[in-house]
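Chemist: Have a look at this one before I ask anything.
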Amino acid sequence: MELETIIKEMLSLVDKDIKNNPSYKRITKELFKMIKECTNYRIDICEDLYNSLNHKNDKVFIVNDFDTLFYIDCEGNKNISFGINKNNNYSIDFVVTIENEIYSSITTQIIFEKDLTTWKISQEDVNDDGYYYSYLFNVYKYDKNHQLINDTFESELDNDFSKIFNVPLKDAKKYRQNFKKYREYLNESKKIGVMQKLDELYCGRELLFSEVFLFNDLDDFFIDFSTEMIEEGMKVQYEDDDEEFLIDEETELDEDLTEKYEKALDKLDIIKNNIRKVTGSNGEFTMTNNLCMNITTYLKSKDDILVTKGFIIKKIDNEYTLYLIKINSDKITSMSRPITLEQAREMYNSHEFNKNIYGLQEFFQINKDKTLKL
């Protein structure tokens, strides 16, 4: 089996210290059992290991992630992902998922330290909308002789649960041990936590901006979500020669999908109207990417949870206005002030990826200043 051959060769390149660990042997043995069910796969591997491989094919790709040695994604009766990372220590992430209306997953993380091996195992049932129906989490540790340490590690369980579900540490045990009772609150809190992390990531010390847009084109700015939803529901017909028929406007969508699409458009109208009241509709705009991502997630979701904050910059006749906006579902608050071209460029230069975003160099007049040209 080609996949098995490639994996064996990749594993042979791992340091001896980890290969001799009983936990490593146990988890890799389980991996080889699982991949026998796989029908399709992809492997991402760091460049150094890629160059050392004798067995390669068109499903093996170089990845430039600093910590990742390799990552395997397999599809079959069960979907499997398996990755080995190395920063200060080796770690393995192994996820097995059964896909139905609800995704049932078992996630195993193993962290290898000099005199300690830690297993973190979670079992979860989640739907397409990211809603958790159940969540169980356990920690096991082995000493330098690989003897199981007799402890339940309650404080570590509480700490991890607090971070995952965005709840106060002092209440984590109560929520963790009574997940179903507090399920609604925990799902809402987790979703808000994810939005806040995106806010911190793209609207903190470094600002990553979106493509430039006109306000009247804001519908198209979020077109990906609506196109994706339409394509999911459309039934494409084929002729005998497998040529695709054109889909006309009369194509009927699944009733549930239509309802979801219409609700998303209603949400978008409210967001547009609220932003228009703050920024007006004239000029060119860009917004921090966390706003784009969180709003898009909100539009796709069945719930009404949206808590995010970020910057919008408006440009009219080469004059810039900066808006700090906070959105909480259908409510918006804001502050605004004019900024100079130099201040606008400073925000642009705060994140190296802005140079790759379509339209931003022209928006911030970077090309007009040869000393700043990228």
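Chemist: Among Ile271, Ile275, which is the only one that is of a type in the set (A, V, I, L, M), assigned to a helix (DSSP H, G or I), open to solvent by less than 70 Å² (accessible area, probe 1.4 Å) and farther than 27 Å from Tyr132 by Cβ?
Modeler: Sole residue among the options that is of a type in the set (A, V, I, L, M), assigned to a helix (DSSP H, G or I), open to solvent by less than 70 Å² (accessible area, probe 1.4 Å) and farther than 27 Å from Tyr132 by Cβ: Ile275.
Chemist: Now for a different question. Return yes when Ser329 is surrounded by 13 or more Cβ atoms within 10 Å (Cβ to Cβ) and on the phi > 0 side of the Ramachandran plot and no when it is not.
Modeler: For Ser329, the condition - surrounded by 13 or more Cβ atoms within 10 Å (Cβ to Cβ) and on the phi > 0 side of the Ramachandran plot - is met.
Chemist: Counting just the residues of segment 297-322 that are touching a Gly at 6+ places or on another chain (Cβ under 9 Å) and buried (at least 17 other Cβ atoms within 10 Å of the Cβ), which one comes out modelled with the lowest pLDDT?
Modeler: Going through the qualifying residues, I end up with Ser301.
Chemist: Assuming Thr117 fulfils every condition listed in (1) more than 24 Å from Leu186 (Cβ to Cβ); (2) open to solvent by 20 Å² or more (accessible area, probe 1.4 Å) apart from one, which condition is it?
Modeler: Among (1) more than 24 Å from Leu186 (Cβ to Cβ); (2) open to solvent by 20 Å² or more (accessible area, probe 1.4 Å), Thr117 violates only (2).
Chemist: Let me ask something else about it. Can you work out which of the residues in segment 143-180 that are among the aliphatic types (A, V, I, L, M) and open to solvent by 90 Å² or more (accessible area, probe 1.4 Å) is farthest from the chain's Cα centre (by Cα)?
Modeler: Leu148
Chemist: I'm trying to understand the selection: among the residues of segment 92-134, which are touching a residue at least 60 places away in the same chain (Cβ under 8 Å) and touching a Gly at 6+ places or on another chain (Cβ under 9 Å)?
Modeler: Residues satisfying the conditions are Ile92, Phe94.
Chemist: Among the candidates Ser329, Ser350, single out the residue that is touching a strand residue (DSSP E or B) at 6+ places or on another chain (Cβ under 9 Å), within 24 Å of Ile192 (Cα to Cα) and not charged (D, E, K, R).
Modeler: So the residue among Ser329, Ser350 that is touching a strand residue (DSSP E or B) at 6+ places or on another chain (Cβ under 9 Å), within 24 Å of Ile192 (Cα to Cα) and not charged (D, E, K, R) is Ser329.
Chemist: Which pairs do you get when a residue that is of a type in the set (D, E, K, R), found in segment 329-358, comes within reach of a residue that is open to solvent by 70 Å² or more (accessible area, probe 1.4 Å) and not in a loop (DSSP other than H, G, I, E, B), reach meaning Cβ atoms under 6 angstrom, with the pair 6+ apart or on two chains?
Modeler: Taking only residues 6 or more apart or on different chains, the pairs are Asp330/Ile270.
Chemist: How many residues are among the hydroxyl-bearing types (Ser, Thr, Tyr) and at pLDDT 90 or above when one looks only at segment 53-81?
Modeler: 2
Chemist: Also: Taking segment 130-141, which residues are modelled with pLDDT of 95 or more and farther than 18 Å from Asp160 by Cβ?
Modeler: Selection gives Tyr133 alone.
Chemist: Exactly one condition in (1) part of a loop (DSSP other than H, G, I, E, B); (2) at pLDDT 85 or above is false for Leu246; which is it?
Modeler: Just one mismatch for Leu246, condition (2).
Chemist: Based on this model, can you work out whether Tyr71 counts as open to solvent by 70 Å² or more (accessible area, probe 1.4 Å), in a strand (DSSP E or B) and either under 17 Å from Lys8 (Cα atoms) or touching a helix residue (DSSP H, G or I) at 6+ places or on another chain (Cβ under 8 Å) (or both)?
Modeler: yes
Chemist: Looking only at segment 27-40, which residues are touching a strand residue (DSSP E or B) at 6+ places or on another chain (Cβ under 9 Å) and open to solvent by 30 Å² or more (accessible area, probe 1.4 Å)?
Modeler: Within segment 27-40, Glu30, Lys36, Glu37, Thr39, Asn40 qualify.
Chemist: A follow-up question, please. I'd like to know if segment 95-105 contains one or more residues that are within 20 Å of Ile43 (Cβ to Cβ) and open to solvent by 40 Å² or more (accessible area, probe 1.4 Å).
Modeler: Checked against the condition, which is being within 20 Å of Ile43 (Cβ to Cβ) and open to solvent by 40 Å² or more (accessible area, probe 1.4 Å), segment 95-105 yields no hits at all.
Chemist: Answer yes or no as to whether Lys8 is modelled with pLDDT of 90 or more and surrounded by fewer than 18 Cβ atoms within 10 Å (Cβ to Cβ).
Modeler: Yes: the conditions hold for Lys8.
Chemist: Hey, among the residues in segment 181-200 that are part of a helix (DSSP H, G or I) and charged (D, E, K, R), which one's least open to solvent (accessible area, probe 1.4 Å)?
Modeler: In this case the residue turns out to be Asp199.
Chemist: OK, next. Looking only at segment 41-62, count how many residues are open to solvent by 40 Å² or more (accessible area, probe 1.4 Å) and within 27 Å of the chain's Cα centre (by Cα).
Modeler: Qualifying residue count, segment 41-62: 8.
Chemist: State yes or no: is Lys373 modelled with pLDDT of 95 or more, open to solvent by 80 Å² or more (accessible area, probe 1.4 Å) and more than 15 Å from Leu207 (Cα to Cα)?
Modeler: Here the answer is no, as Lys373 does not meet what is asked.
The values are calculated or read from the model by the stated rules, or taken from the named source; none is laboratory data. The structure displayed is predicted, hence computed values, not measured ones. Note: ideal-geometry Cβ built from the backbone for every residue, glycine included; neighbour counts use all protein chains shown. Accessible surface is based on the protein model in full, side chains and every heavy atom, while ligands, DNA and RNA are left aside. Shrake-Rupley method; radii C 1.70, N 1.55, O 1.52, S 1.80 Å.
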